[in-house]
Structures are given as C-alpha cells and as structure tokens.
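The next block holds one structure in the form of structure tokens; read it before the comments.
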Amino acid sequence: MAQTAEVTTPADPAPGPGRDPKAGRADHSLLRTILKKTPPYALIAPALIFLAVILLWPIAQMVWNSLHGYTIRHLSPAGPDPEWNDFEHYIRLLSDPGFWSILRNTVLVCVLMVGITMVLGTLVGILLHKLPQWFSTVVAVGMMLAWATPAMSASLVFRWLFLPGRGLVNHVLESLPDWLVGSGWTDYNWFLEPLSLFSVLITVIVWQSFPFVAVSVLAGLKSIPNELYEAARMDGAGGWRSFWNITLPMLRPLFSLILVLQIIWDLRVFTQLYVLANSFQNKDVYLLSYYIYQQGFNASPPNYGMGSAIAVVMTVMILIVTAYYLRIMIRQGETR
Amino acid sequence: MSAVTAPTKGTPAHRRSRARGPLLSKRLRMAGLYLAGAAVFLFSVFPVYWMVATAFKPVSEIFSGTPSLLPGTPTLEHFDRVINGELIPGVSFWRFFANSLTVTLASVLMGAVLSLLAAIAVARFRFRLRTAFIMVLLVIQMVPMEAMIISIFINFRQLQDATGVQMLGNLTGILIVYTAVSLPITIMMLRGFVAAVPKELEEAAAIDGAGNWTIFWRILMPLVAPGLVAASIFAFITAWNEFIVALTFLGRSTDYYTLPLTLSYYFGRYGTEWGSIMAASTLLTIPVMIFFLFVQRRMVSGLTMGAVKG
C-alpha cells in the first residue's frame, strides 16, 4: 500500500542521472532556494570531515602500519620511526599454522552463527506470521528482550548459565538421565576447549541476533500481497510450492541483505569472546578480532604492526562481503 | 481465534487448513504453533529472567547445589552493594553511570546535528559527490571497529603527545569515536524522513511570509523529529553498549570507566560474586530495554532500508 503512493508520485524530469522521486522532486524546492547560499557541500562537510579523519584515514593507516615494524617502542615521542619491513608480518602470519587455525575457526564459527541465526530467524518469522496477532506480539516482545540486552550483560549471563559447578546448564544436564547425556556434568568446564567454548559463544550470538532476522522476515512476509497466493491457489499450487515460488523469490532481496549484515556482524565478534574466554592464555580459542586486540594491546610488547596485518586480513574479508552488499544497495536505488 | 480469520492475517497455511483439513487437525496444528511460539518466547526471555532472578537471590541460594527458579527470599543486598558499595575501589557506581551517560548523550547530540545537516544535503540536493558520499557511508558502516582500533588508538595517542590535549584515559577520545561510529546509519535513517517532507508545505509557509529559520523549525523539524528521535536512540544504544573502544582508550583510568567496562573489570576481579555481577548487568540493561521498545520498528527498517517496503 505504502509503496504504491511512492511509485505513482509524478517525478519531475530530474536533471541528474537518478530518477529517485524523493530526491528528484526536491529540485525546485523552496528549501533549495533558501539554502542556495549554503551549497550541499557545506552541509555534508562537517559529517564528512569527521568521518574521514576518525574512521576513513585509519583504514589507510592500518595498511601502512601493517607494512612497518611498529611496536610500542616506535610510538613513544622519543622512539625511532616505524621502519619498512618487507611484508614480514604477512609472511610470518601466512607461515604460522596458529594463524591459519584462527582464521579457519573464525570462518567456521561465523558460518555456524550466521547459518543457525538465519534458519532459526526465518522459521520464527514465519511462525510469528501464522500465530494470532496477540500471541505473535507477546512472542515478539519477548524476543525484543534478547535483542536489546547489551553484549556485556548477555555474555556475563551466559557465562553464569554455563559456569562449572554452579551453573544452571550443568545442573540441568546432570539431572537428566545418564543414558541420554552422560554423567559428570556438574564440574564440566565449557570455557577451556575451543569446541565447547565456541558452542557457548554461538549460543549467545544466535540468542542475540535471531530476533532481528525474525522481525525482518515477518515484515517481509506482511508486505507480500495476498492476491499472489490466491492466484497460486487457483492454479492448484500447494502451500509448499507457493512458499518456493512466491515467498522465497519475493523475500530474496531482504534475505541477501540480512545475510550480509549478519556475516559482517558475526565476523567481528569480540565482547562476548572477551568475557567467555576471560583471558588471552589459550590461543586455541582466539578469533580474528580477538587476535588483533591481543597483538595490539595485550602482547608484551604490544605489536601494532602485526595487529594491523591481522586487521587488514579481516578487513579484506569484510570488504568482499561489503562489495556484495553495495551491489544490493545500488540495485535497490539506495545510493541514488 | 477471530484474529486468525481477519483478512490481514490471512496466510496460505490458514486458508488451506480451513479449506480442507478437518477441525481436529486444524486445532492440533494451531496447538503446535502455540507451543513453538511459547518455546521461542522462553528461549528469548529465560536468560534475561535468570539475570534478574540471580540479582535478587541471597548468596546462599546462588551457591546452593540445587538452583531454584524463583528467589526464595528476595534480597536487595546485591543492588545495594553495586550502587552504594564500590565496584572498583575508590569509585562509586554513580560515577560510572555518569561517565556512560555523559559520553552517550554528548555523542548523540553531536551526531544528531551532524547527521541532520548531511541528511538534508543528501535528500534535498543533487551534487556531484552525492553518490560517492553515500557509498563512503555504506562502506564505513561495514568496516568493523575491531579492525580500526589500533590505528585510531595510535592517532589519538600521537595527537595527545603532539598537542598535550588529553585524548586517551578520559572521555574525550571515546566521545569523538562514538559520534563518528553512528553517523553513517543515522544519516541514512534521517535521509528518508527529510525526503518525505513535501516541498509544498515549505512553499506555502514561504508564501505566508515565513523566514528561513521559521520554515526550518516550524515545518521541517516537526516532521523530521520522529526520525531524529529514532536515529538518536539508535546512536544511544550503540554508544551505551560499546566496549572495545572504552577498553582500549581508558586503560587504567578507572575514574572514567563506562558501565560495560566497569562490569568487565569487576568480573575479572571478583569473578565469583555472581549476585553483584548480575545486579550490575541488570542495571546496565534497563536503560537499553526502555529505549529499545521505542525504536524497535525503526531498527528493522533502518537496517534493512529498502528491502522491506509496505
């Protein structure tokens, strides 16, 4: 309903390349006349300068730092300048099996987080769509609680839930019949081994992020016109077929967008791991962002060059995903 | 059940079961849906409930070998200890609360001004660098702070050494970074609101003799205000929850710790005081919960932008 209004708005022939009715129409706007003396550049300048200095420039510096020997020694005003080191950080990283294992774990954990979040979120979104309004609202409000909980609080709660000795999860597992889950759960420490620690980590992340997917899918489902399903039913299509042939294609842009956002959010997980691992001693449980922080601020001496090299690897991974994201945004006309 | 038959809620599944399934199977199906809904609700709410319940339990119950779902004898001792005691020796809870609030509110205000100006430019003008600007916003939004943190830290440290203005170890540095971090998404959110203001309104006001400022304050602002509120709350939540920047920038300056950092510090020091840890976590969570209820709808459309329409 809402989009018909937008589509039928007669757009003035816009001088620019874009035909976005929102922006094109504004050409003869009075606001423009008013602000003629302040060109648009003056309006974006504060935000742009701010972003460029605080966030954009550091991305370039990250690359520069990664190519130089740069430790805390070089940072002190009296210290030497960082020196070019012939890609030493990258060579060391690529020949270090430890790094490859961290990279592999990061990708695996990310894939699992994103996969489980997407499947669970989509199922819950469909569920919310099928439930009566009042119950759907109740469940949605409950989900908001999980979504809104700050990462720090959530991590601490899950650490407490899975705590060896007194945690609720171990208690429940212990009280279940032994033939089902085995015995000796009470003192089981989830936070020592990568497999168990990452399981808890994935649980926290999924818990916090599935509501976003579910609510987005619900909004998407509501936007599909009923007539499509009716027509499909006339043609004899069953529920499963109309799901594959109507629901999925209609929601595809939404799915790609959520997928990209989830991948990017889950690749960078830091706070939750910081609390769950609770130390930098066990290198087996590092993920990329954790490794960056460890190199930059926990190693002795802090090695900014190495930390930046790892950051470059992570940024490249993210930018590949971002390129896909940009394509979606351009296709949707968000950049016009 | 009448809600199910309302036209807006009609889904293929409903209609199908209504059309051909016998009543019993329809009921079973509905029961299954309710059950699944209840399970999702429990999964979402339980950890939050457990946090609050633990915060109200006396130490003896927390350490008991058989955890009970409800606090047997609810107590405020943990909240009392968090608020009136000292989470970090020598610094009171209110100091941390004030730090968090100061840095959050100041960054939200600065962000609101900067993003409103930029949003007006993007929504109302076509200029050569417009598309490039939007692309920059989208890319910056994606590059994680975890990757940039070392470079930003080095910059601020060098600036501090060069000028003598303290950037690290107090709130200045994190305030600046928090402002910048939220800008891309708040600009994109506000842009839609500015674009939705009909130019006819402005023209009519001008014909009636309204000046620039009058038009800005009386026409544009009231219409853009809901967007500004939503974007601001979004920025508020981001800044309130932020951890890694505070962790790197504040170091040992406990006087300036924000709440998440305080919690992490306290957990590292007194990792067995689960009652206090959960009480402090609850206090950290409450403001976010309140604001979240206001912007939930906008969060979805803000993040997925054009993908969901209608």
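Screening A:T271 against (1) open to solvent by less than 10 Å² (accessible area, probe 1.4 Å); (2) at pLDDT 95 or above leaves a single unmet condition, (1). Of note, A:V316 does not satisfy the criterion of being open to solvent by less than 30 Å² (accessible area, probe 1.4 Å) and aliphatic (A, V, I, L, M). Evaluate the following for B:V177: is it closer than 17 Å to B:S253 by Cβ, outside any loop (DSSP other than H, G, I, E, B) and within 11 Å of chain A (Cβ to nearest Cβ)? Yes: the conditions hold for B:V177.
Return a yes/no flag: does the stretch B:186-201 have any residue that is buried (at least 18 other Cβ atoms within 10 Å of the Cβ), assigned by TED's automatic domain parsing to the domain that holds B:L114 and under 15 Å from the mean Cα position of the chain (by Cα). Scanning the stretch B:186-201 turns up at least one residue that is buried (at least 18 other Cβ atoms within 10 Å of the Cβ), assigned by TED's automatic domain parsing to the domain that holds B:L114 and under 15 Å from the mean Cα position of the chain (by Cα).
Would you check if B:P222 is away from every other protein chain (no Cβ under 12 Å) and in contact (Cβ under 8 Å) with a residue 12 or more places away in the chain? In short, no.
Flag: A:S199 does not match the condition of being more than 23 Å from B:I237 (Cα to Cα), over 25 Å from the mean Cα position of the chain (by Cα) and hydroxyl-bearing (S, T, Y). Taking the stretch A:42-158 as the region of interest, the helices (runs of 4 or more DSSP H) fully inside it that hold 1 or more residues being open to solvent by 20 Å² or more (accessible area, probe 1.4 Å) and free of Cβ contacts under 8 Å to residues at least 24 places away in the same chain are A:57-66, A:88-94, A:97-130, A:133-148. Among the residues examined, A:A148 qualifies as under 19 Å from the mean Cα position of the chain (by Cα) and modelled with pLDDT under 90. Could we say that B:G164 is surrounded by fewer than 20 Cβ atoms within 10 Å (Cβ to Cβ), more than 21 Å from the chain's Cα centre (by Cα) and on the phi > 0 side of the Ramachandran plot here? So B:G164 passes the test.
Filtered by the rule that a residue be crowded, with 24+ Cβ neighbours inside 10 Å and either touching a residue at least 40 places away in the same chain (Cβ under 8 Å) or hydrophobic (A, V, I, L, M, F, W, C) (or both), the stretch A:290-304 gives A:Y291, A:I292, A:Y304.
A residue that is in a helix (DSSP H, G or I), closer than 28 Å to B:S281 by Cβ and open to solvent by 20 Å² or more (accessible area, probe 1.4 Å) occurs somewhere in the stretch B:109-132. Quick check on B:T172: is it among the polar types (S, T, N, Q), within 12 Å of another protein chain (Cβ to nearest Cβ) and either part of a helix (DSSP H, G or I) or open to solvent by 30 Å² or more (accessible area, probe 1.4 Å) (or both)? No, not satisfied.
Only one of the numbered conditions (1) in contact (Cβ under 8 Å) with a residue 60 or more places away in the chain; (2) open to solvent by 20 Å² or more (accessible area, probe 1.4 Å); (3) part of a loop (DSSP other than H, G, I, E, B); (4) more than 8 Å from every other protein chain (Cβ to nearest Cβ) is not met by A:R336, and that is (4).
With A:S136, A:S95, A:S66, A:S76 as the choices, which residue is more than 24 Å from the chain's Cα centre (by Cα), of a type in the set (S, T, Y) and away from chain B (no Cβ under 12 Å)?
After ruling out the rest, the residue left standing is A:S95.
The values are calculated or read from the model by the stated rules, or taken from the named source; none is laboratory data. Remember, predicted model here, so these are calculated numbers, not experimental data. Methodologically, a virtual Cβ is constructed for each residue, glycine included, from the backbone with ideal geometry; neighbour enumeration extends over all protein chains shown. Note: accessible area is taken over every heavy atom of the protein model, side chains too, but ligands, DNA and RNA are not part of it. Shrake-Rupley method; radii C 1.70, N 1.55, O 1.52, S 1.80 Å.
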